[in-house]
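Right, one structure below, let's go through it.
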Amino acid sequence: LSVEERRVLQVASCLGGTFDSSNVFFVMDKLCSKEKMIGAKSEHIGSRIWSDLQPDKKPNVNESLIICAEEGLIESDDGLHYRFAHDQILSAAFSLIPEDRRALLQFQSGQSILESMPDKDMEKNLFLIVNLLNRGSSFITADNEKRVQLLTMNLKAGKKAMKSSGFGPAATYLNICMSLLGDDHWHNEATLSLDVFSTLAKAEFCNGNLKEMEKCLDEIFEQNLPIKEKIDAYSVRIHSFYFLKGEPVNAVDEGLEALSRLGVNFPKKISKLVHAREIIKTKYMMKGLCIMSLSDHPTMEDENRRIVMNMMEMLLVMTYVSNQALFVLITLKMAQWSICYGVSKHSSMAFACYGVLLCNGMGDAAGGTKFGKVAMSILERFNAKDMESKVTFVYSSFISAWAEPGYLTHKHFCRGYEVGMQTGDINWAMFNLKCSNDMAVYTGKPLSYIEKECKSCIELMLEYEQKNTINWLLPILQFVLNLMGCSNDPSVLSGSVMQQEDLLKHCNENEDRNLRNMITLYRLWAAFYFEEFDLAAMLVQDIQDMSKSNRAPNTIWRCALLEGLTAFTLFQRKKSRKWKAHATKITSKVREWVKKGAVNCNHILLMLEAETAVLNGDKELAKQKYDAAITASARVGFIHDRALANERAGKYMFHLGDKYLAFHYLNVAIQLYSRWGANAKAEHLLSKYKILLDEHHTPAMNKTVDRRWTWLASKGKSVNSDMELRSRRRSFTMRS
């Protein structure tokens, strides 16, 4: 290669493994120009890098690149965008630059591209330019204008990296910003300093680096700044208390302190009378308004009120967990302000939470659903991507289930996760991700899919230091593994993922009532499936306690199904009026939900009505209701509930002595459980009803024998004789 071609290759190596020919041209043209470099006398800049440079000779960059491509050093598909053929070639080209001049060449390359590139291309080349300038930042320390320019560009790069969830690189850019801040920067560059420290605190929070985050926050709080300028810092500290430290009470206290400084106070003791007064006031203010028109309500113009709305919105979810009386009051206050003073993007959370109150506290599911849709419309109106993840979480968790099938709610959670990751809202992204796994179980997604998703989610949460959220996933994953046959005792949530007693101890030590409730739900589910009814009876009381505090419909409905069926079963076994009364109460509650339009509850009601018919000795009605429950479960795609309805019908028919119908229902149940992936549950039924299934087998169905038997053999299951082996293999193949 000629000297010119080697120099073009050296410049290209500064730009990275892939580069544009236009950027190489900008740099080479600048290096051959006679201009004054910062801190130097007027000279040809390139002569400081290559002493034998001929400044009067303009290099032919395109020709040099073509020759390098012909030599196999670089590659291009269009003659404009190039890439080095191998990393070692890139390293070799860079090594040709004298070591003491590399930083200068990289800096000048960045400066050349910055000065020559059209504005429309600047955004997509931001990281390239900033990285090049950073490597030669020592050359601008004497030039205040250039220092501020580089600081601003690093700040912009840090924010851009955070938007794409690159929190590690973002922290790097922002730490460079800190090093570029001038002396007495809080006096001379207060706005810029606040922006740098606040953004770095957010980045370190997302990285889980509490120590570095606290340093930034302490720096901000030490300054004599107006309270409204510290709101972002308060926001980070509040979220760190809640998400990273698991201290919701401290999070709420911090938020209330900030609100107090902003002139908004809430009573320490909140009575039912206070709630009633505020509810009446809110409804009076909404009298005559079309709910759906609220999304087109005038905009809130007052900046101070928008700041207060921001702070109240942050506290909503924290108070839902730690102080529900305050949650109600804040929700009503935000709704009132949105009606009186206009809507902002924070009104989306206000109306979503008001919808939660209507759906689950005031018995107005239709009205709550309307407010939920208003919340989503306001998000779209203000293009509030930064809030979409959290509002989607509230809407999906507490509202959408009333009017939409379960698979749509699952999609909403997945969307909330995606938007949260795109906007850097990691905590809400993780919450949506956790709930998407809950919904996958509730709606009967294949267990192998859920297992894979849970494991990948746990890895992702570990990466982002989301240890508290991981604890919520452990009961889900262990329950799934139990059903798949990957534990010694499927009725207990202990195995390779978690130890039941250890996690319960953690809940008690940290007063984490909500996590304990979720563990109880999955424990009851497992105990019921594997017919540990004494344990189930003990857990039903805990489930009742959860129903009083949990407003998530899908969780409440799943509890009702398990609680109701357990009560019916215990009455049949113990003939206790207490259990009959409880079963009747649950059935009435589910009937009310269905009347309000809960589309995901129809099959639950039909199943409980079938159990009521069983108690009344009405065989025909029981069979009719069971069949209707099976059809309704199939319609919404809940394969596990379809299997359960078949199982309950089969057991009833077996109890009546109708072996033909018992075989039909139980055989279908086994096949559905197997399709779902619940091999342990399928084997449980096979073992319990082995004689019945053997007596009524049909030889025409032999296709699934080897697959199901292979699974048993892989789990080390044994049989007593060749006859039992053949018998059990036949029973696996039976289909309805």
By a straight-distance test (C-alpha under 14 Å), which aspartates and glutamates pair with LYS455 as possible cross-link partners, with residues fewer than eight away in the same chain excluded? ASP438, GLU463
When we measure straight from the Cα of LYS619, which lysines land under 17 angstrom away, once same-chain ones fewer than 8 places off are left out? LYS651, LYS659
Exactly which GluC sites (Glu not before Pro) in region 164-226 are in a DSSP loop and have at most 12 other Cβ atoms within 10 Å? GLU222
Ignoring ligands, DNA and RNA, what accessible area per residue does the chain give at 1.4 Å, in Å²? 44
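Go through 253-261, 86-94 and give me the packing order, highest mean Cβ count within 10 Å leading.
So the order, starting with the most tightly packed, is 253-261, 86-94.
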Using helices alone, I'd like the mean residue ellipticity at 222 nm for the chain: each DSSP H run of four-plus residues gives -39500 (n - 2.57), total over residue count, nearest 500. -23000 deg cm²/dmol
Cα axis of helix 347-360 to longest principal axis of the chain: angle in degrees, 0 to 90, nearest 10? 10
For each pair in LYS580/LYS625; LYS281/LYS595; LYS272/LYS596, compute the distance between the two Cα atoms and list the pairs where it is over 21 Å. LYS281/LYS595; LYS272/LYS596
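How large is the convex hull of the Cα atoms of region 389-522 per residue, expressed in Å³ as a whole number?
Normalising the Cα hull of region 389-522 by residue number yields 107 Å³.
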Ordered by packing density, taken as the mean number of other Cβ atoms within 10 Å over each peptide's residues, highest first, how do 340-353, 358-371 rank? 340-353, 358-371
With all protein chains present and a 1.4 Å probe, how do ILE227, ILE399 order by accessible area, largest first? ILE227, ILE399
I'd like the distance between the alpha-carbon centres of region 76-92 and region 432-497, rounded to an integer number of Å. 44
Dipole magnitude of region 156-234 about its Cα centre (Cβ charges: Lys, Arg +1; Asp, Glu -1), debye to nearest 20: 500
Region 377-481 - charge dipole about Cα centre, Lys and Arg +1 at Cβ, Asp and Glu -1, debye rounded to 20: 160
Which FRET efficiency value, to the nearest 0.05, is calculated for ARG381 and HIS655 with the Förster distance at 56 angstrom and r the Cβ-Cβ distance? 0.45
Computed on Cα atoms, the radius of gyration and Dmax of region 494-541 in angstrom are 11.1, 31
Region 170-320 pair-distance distribution - Cα-Cα, 10 Å bins, rounded %: 9, 30, 31, 18, 9, 2
Carbon plus sulfur fraction of accessible area for the chain, probe 1.4 Å, in percent: 49
Over its alpha-carbon atoms, region 289-429 yields an Rg and a Dmax in Å of 13.9, 41
Can you tell me the Rg and Dmax of region 525-657, counting just the alpha carbons, in angstroms? 13.8, 43
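Take the alpha carbon gyration tensor of region 555-622, find the square roots of its eigenvalues, order them as a ≥ b ≥ c, and report rounded if a/c is under 1.5; if not, report prolate when a/b exceeds b/c, else oblate.
Note, shape of region 555-622 comes out oblate.
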Once the Cα atoms of helix 619-636 and of the chain are each reduced to a long axis, what angle between those two axes, in degrees from 0 to 90 to the nearest 10, is obtained? 10
Distance between region 163-220 and region 644-690 - C-alpha centres, whole angstrom: 61
Taking only the alpha-carbon atoms of the chain, the convex hull volume per residue, in cubic angstrom, is 210
Selection from GLY182, ASN207, ALA628, by position along the positive dipole direction of the chain (Cβ): ALA628
Rounded to the nearest 20 Debye, what is the dipole magnitude of the chain about its Cα centre when Lys and Arg each give +1 and Asp and Glu each give -1 at the C-beta? 3940
Quick shape check on region 216-277: root eigenvalues a ≥ b ≥ c of the Cα gyration tensor, a/c under 1.5 is rounded, otherwise prolate if a/b tops b/c, else oblate, and it reads oblate
Mean separation of Cα pairs under 8 Å and 6+ residues apart, divided by the residue count of the chain: what relative contact order is that in percent? 7
Hey, if we sort THR319, THR612 by accessible area with the 1.4 Å probe, largest down, what's the order? THR612, THR319
What angle do you read, to the nearest 10 degrees and between 0 and 90, between the alpha-carbon axis of helix 426-442 and the longest principal axis of the chain? 30
With contacts defined as alpha carbon pairs under 8 Å and 6 or more residues apart, what's the relative contact order of region 513-670 in percent? 12
Per its Cα gyration tensor (rounded if a/c is under 1.5, else prolate when a/b beats b/c, else oblate), region 281-341 is best filed as oblate
Mind checking which aspartates and glutamates have their C-alpha under 13 Å from LYS434, skipping anything on the same chain fewer than 8 residues away? GLU418, GLU451, GLU453, GLU459
What accessible surface, in Å², does a 1.4 Å probe find on LYS595, ignoring ligands, DNA and RNA and rounding to the nearest 10? 150
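The values are calculated or read from the model by the stated rules, or taken from the named source; none is laboratory data. Here the structure is a predicted model, which is why all the values come from computation and not from measurement. Glycine also receives a Cβ, built like all others from the backbone with ideal geometry; neighbour counts cover every protein chain displayed. Only protein heavy atoms, including side chains, enter the accessible area calculation; ligands, DNA and RNA are left aside. Shrake-Rupley method; radii C 1.70, N 1.55, O 1.52, S 1.80 Å.
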